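Asks: Pasting a structure below so you can have a look.
Bear in mind that the values in this text are calculations on the coordinates, not laboratory data. All of these numbers come straight from a predicted model, not from anything done at the bench. All Cβ positions, glycine included, derive from the backbone under ideal geometry; neighbour counts span all protein chains shown.
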Amino acid sequence: MKKLLLTVALAASPLLAVAQWEYRDSNRIGIIGGINQMSLNTDNFDAKPEIGWNVGLSMRGNFYNDFDMVYAMQFSENKFAVATTNPLTAQKKDVGFKLPSAQISLMLSYKIVENHLSIEFGPMLQVNDKFKIDDDASVNNVIDGTMIKAGDIRKISKFNFYPVAGVTFGIKHLRANVQYAYGLTNMLGNLNDATLYPGVKFKGNAGILSGNLIIYL
């Protein structure tokens, strides 16, 4: 986790410098808190979305005419579950997975109503840790419909890129934000090893729906 935080800090530094230059004296800092629902879109197995959390900071400032620029750094825990079977007891169990991650985004925001309603779009970079299993005793459970063990899918791509679109609404110092991000990176690409899984092609793209409250200072 320390390596994850260091990587994010290094990646964020130049963006923060650019944001401060562009915004000058119109900066507004926001504190972010909320929830997310992650869908792992894959044909290799059935992943069930679950609710995770978000915390972070954002900076909003005037950019051009009716546009703001919004820079944000956010830490999240994304969750999903997979149906598995214990190979020794034949007992069925949904095994939960957690994904600790950090996201850096730079969004262009169109102000429909000043300080009250805007739509946003832009890129987001996500830096991941490994998938973590809720129950370590279930690492050898076999994922239903496959010959893959639950513990085998923990190693995933470290970096993922998302286009993001959303809407922000509320009052000047308290707003809600709802946004959807779709991952263009194959999150399961590290599992493509022909010696371990001959004839199997792993592909999975994450979709993340988030709902946050933002307190602007």
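Asks: Work out the length of the dipole vector of the chain about its Cα centre, built from +1 on the beta-carbon of each Lys and Arg and -1 on the beta-carbon of each Asp and Glu, and round it to the nearest 20 debye.
Replies: The calculated dipole for the chain is roughly 300 debye.
Asks: Quick check on the exposure proxy: order 29, 133, 214 from fewest to most C-beta atoms within 10 angstrom. Intermediate values should be presented prior to the final figure.
Replies: On the way: 29 11, 133 19, 214 23.
Ascending Cβ contact count within 10 Å gives the list 29, 133, 214.
Asks: What percent of all Cα-Cα pairs in the chain falls into each 10 Å bin, going from 0 up to the bin containing the maximum distance?
Replies: 8, 32, 30, 17, 9, 3, 0
Asks: Moving to a separate point now. Work through the residues other than residue 111 whose Cβ is under 9 Å from its Cβ and net out their charges, Lys, Arg +1 and Asp, Glu -1.
Replies: Numbers: positive: none; negative: 66, 68, 114.
With Lys, Arg at +1 and Asp, Glu at -1, the neighbours total -3.
Asks: By counting other Cβ atoms within 10 Å of each Cβ, how are 216, 180, 71 ranked from fewest to most? Mind showing how you got there, number by number?
Replies: Details: 216 17, 180 14, 71 23.
Ordered by Cβ neighbours within 10 Å, fewest first: 180, 216, 71.
Asks: Where Lys and Arg each count +1 and Asp and Glu each count -1, what net charge lies around residue 99 among other residues with Cβ under 15 Å from its Cβ? Could you put the intermediate results ahead of the total?
Replies: Working: positive: 48, 79, 98, 130, 132, 154, 155, 158; negative: 50, 77, 129, 134.
Here the charged neighbours net out to +4.
Asks: Okay, next question. So how do 113, 167 line up by other beta-carbon neighbours within 10 Å, fewest first?
Replies: Lowest count first: 113, 167.
Asks: What number, rounded to the nearest 500 deg cm²/dmol, is the helix-based mean residue ellipticity at 222 nm of the chain, given -39500 (n - 2.57) per DSSP H run of at least four residues and division by all its residues?
Replies: Per the formula, -3500 deg cm²/dmol.
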